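Below is one structure, written out as structure tokens; comments come after it.
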Amino acid sequence: MSDATVPLRPVRRWIHATQSSHRERGATLSNVYVGVLFVAIASAVFERQLTAVFWPADPALSGLAGVAVAVICGALLLLALRQIGPITMSRPASYFLLTAPVSRRRLLLPSVRLAAAGAALAGAAAAFAILGHAGRRDQLSDVLILAGALTGLLIFLVAAFAQVMPRGSVVLDRLASLALAVGLGELVAESAGWTPPALAGPPPAISLLPLALVIVAGFAFLVRATARTRNDRILESAKTTGTLFDAAFGMEPSWVADMVERRYWAKRRLRSTRLPARFPILTGQDLLLAGRRFPRLIWLLGATALPLLLTSAPSWLLAIVLLLATMIAARTTAATIKTDAGNPVMSRLLGLNSREALYQRLWVPTVLAAIWATLALTLLQLTGNLPAGPWWALGPAIAPAAAAAAARHARVGFVRNDLLPLDTPMGTVSTGPLVNSLAGPDILLLALPTLIALAQDDPLPWTTVLLQAALAVFGARAYVNATTSDTRTELTPR
């Protein structure tokens, strides 16, 4: 067999010609037209919301808070690029062209250009939004937006080099997480009443020249280094981008959740251990799972201060976010409920019916939800954002409802695309994804007393706490008894 490299351009030209022969005439142009029309219509419909996000009428962001938001955006961009690749290709190309005798550099350069353009646009958009909220609307705004675009390119280079040369990539991810935590901590501190120091003015435009030179040199080195990217790294990024596109096209978010779950456990080194003997066996398994997800527990502990960021927002918005966050905290160990719903092999081996299994699975989510909600409400009251009353007691009171909501969301299964669509003035809306997204949050209606108490902003009496506790306990119990049976093992999606 010859080791000569085949030119890549004729191969791609033949592939594109073959694909075009199986498409309808004008299909590509029609897709571009629909995409541009969708962006134009969405921009016109949500003009007021977009203006409030990027260019509010009353900017109130301090200089240090603007730096914190920039750090948060940069950390999120780096983490997103690290999860995607960023050097990737389509799954068919990875299957047939990755091992073909073609130039690896030319094969990967299109994804490099596309990801770099996306990172630059994301950096410029973030800088534009920060300037709008900080009230910087002078001649230096263009310079700062250019600095945001260059920073996005620099972050892309860092993520790309971490993929090409994976040594130290774990440390890079942890540093990005630390930067995200520091940025959120600064915003929380300002929301709690801390007065930040004043910052100096923005740097002059000439200071961006060294950054631009570094980026040009980095791209020159990256183009040469792309040929050394390992096959497993490219295949993993190809699977990730393929799953994201499939989930968006099929409107099936569970595929992304399954991918994230499998990737997390694939990178863990686990060893066998005994389950706690003092607890029911499925509850002990959930405790072991929670202990092995220690980083998520740390993030949940830090997230108890995030509701302070919404203290200036309407009270009803703070209440809704608090309830949804409590449900998210309860979903830390909900993957086991999802596994039992898909294949109840554990329940069959243990001789447990579906009702017993679900009751045992609900203990750990209830405790996690109670701890998170109690800490969050306590911080809100200590900072003077809640009136007098035993607000901390609402944490254990709403925990059963949040645990039941997490269990319902885990049991929902795949999106049902066989449901009848809804005809609206703006077009047809598929009801399957809508029903799927409401499964879980609908049970949070059991926390209606808490929602009303937070929205009214009045002193909290103990009668409201007792009413909330009774409603959550009896509602969660009714949900479990109505959707399970003591005569069957299958934990069917409900």
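What follows draws every value from the coordinates through simple rules; no lab data is involved. Computed from a predicted model, the values in this text were never measured in an experiment. Cβ coordinates were reconstructed from backbone atoms using ideal geometry, including for glycine residues, and neighbour counts include every protein chain displayed.
Counting every Cα pair in region 209-265, what percent are over 12 Å apart?
Numbers: 1178 of 1596 pairs.
Tail of P(r) above 12 Å: 74 percent of Cα pairs.
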Each label sits 7 Å from Cα toward the beta-carbon; between residue 429 and residue 50 the label points are separated, in nm, by 2.0 nm
Take every Cα-Cα pair in region 250-409 and report what % of them are more than 28 Å apart. 28 percent
Distance (nanometres) between label positions extended 7 Å along Cα→Cβ at residue 167 and residue 383: 4.3 nm
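Of all the Cα-Cα pairs you can form in the chain, what percent are over 43 Å apart? Show your work: numbers first, answer last.
Working: 32120 of 121771 pairs.
Of all Cα-Cα distances in the chain, 26 percent exceed 43 Å.
I want to verify the translational diffusion coefficient of region 237-339 in µm²/s; compute it with Stokes-Einstein, Rh as the Kirkwood radius over Cα pairs, at 4 °C and 1.567 mPa s.
79 µm²/s
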Linear extension gain, residue 207 paired with residue 303, 0.36 nm per residue minus alpha-carbon span: 30.9 nm
How large are Rg and Dmax for region 164-275 when calculated on the C-alpha trace, in angstrom? 21.0, 62
Cα-based convex hull, region 182-221, per residue volume (Å³, whole number): 99 Å³
Return the FRET efficiency for the residue pair residue 36, residue 279: r is the Cβ-Cβ distance, R0 is 51 Å, and the value is rounded to the nearest 0.05. 0.35
Contact order relative to length for the chain, counting C-alpha pairs under 8 Å separated by 6 or more residues, stands in percent at 14 percent
Tell me the mean residue ellipticity at 222 nm calculated for the chain from its helices only (DSSP H runs of n ≥ 4, each -39500 (n - 2.57), averaged over every residue, nearest 500). -22000 deg cm²/dmol
Radius ratio Rg over Rh of region 336-494, counting only Cα atoms, Kirkwood formula for Rh: 1.06
Highest mean first, how do 453-464, 81-92 rank when packing is the count of other Cβ atoms within 10 Å averaged over residues? 81-92, 453-464
Peptide ranges 101-113, 153-165 listed from the most packed, as the mean C-beta count within 10 angstrom indicates: 153-165, 101-113
